[in-house]
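Student: One structure coming up, written as C-alpha cells, with questions to follow.
Please treat every number below as a calculation from the coordinates, not as lab data. Just so you know, these numbers come straight off a predicted model, no measurement behind them. Here Cβ is always computed from backbone atoms with ideal geometry, including for glycine, and neighbour counts include all displayed protein chains.
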Amino acid sequence: MNIRTFALALCTLLAMPLLSGCTATHGNDFRMEDARRVEIGMTKTQVVDLMGCEPSDFHEDASGELWMWNRVVVTMASNQSKSFAVKFKNDRAVQIVR
C-alpha cells in the first residue's frame, strides 16, 4: 500500500463518524396518524393514551391548557419536523391544531 492510498483510507475512516453520526433530535416521537384520531371532547387521559406519550410542551392560562407535541430531527442531509396541539378546558379537548 502506498502512502497516498493509506492517507485516503485514513481520512475516509476518520470522516465516516462525522458524516453519519451528526443528528440532533428534540421532542417526543409520536405518530401523526395517532394525532389525526384525537377528537373534540376527549379527556387528557384519552389523548395521552392515544398519542402514546406525554406532550413535549405545556402552556396554561385563564382560557385553559395547551398541550403540544413537537418533534424535530436535524441531520447533515435533511431536516424533519412535525407538531400537534390540543387545547383543554375542564379536562376536555376543545380545540385541535394539526
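Student: Summing Lys, Arg as +1 and Asp, Glu as -1, what charge do residues with Cβ under 14 Å from the Cβ of residue 63 carry, residue 63 excluded?
Tutor: 0
Student: Where does the charge balance sit around residue 52 when Lys and Arg score +1, Asp and Glu -1, over other residues with C-beta under 10 Å from its C-beta?
Tutor: -3
Student: Report the net charge of residues surrounding residue 98, where surrounding means a beta-carbon distance below 10 angstrom and charges are Lys +1, Arg +1, Asp -1, Glu -1.
Tutor: That works out to +2.
Student: If you take all C-alpha pairs in the range 23-97, what percent of them are over 22 Å apart?
Tutor: 24
Student: By how many nm would the segment from residue 95 to residue 61 lengthen if fully extended, with 0.36 nm per residue of separation less the alpha-carbon distance?
Tutor: My answer for the length gained is 10.8 nm.
Student: Residue by residue through the range 43-56, what is 3J(HN,Hα) from phi via Karplus (6.51 cos²θ - 1.76 cosθ + 1.60, θ = phi - 60°)? Round to whole Hz and write x for glycine and proline.
Tutor: 7, 4, 4, 4, 5, 5, 4, 5, 6, x, 6, 5, x, 7
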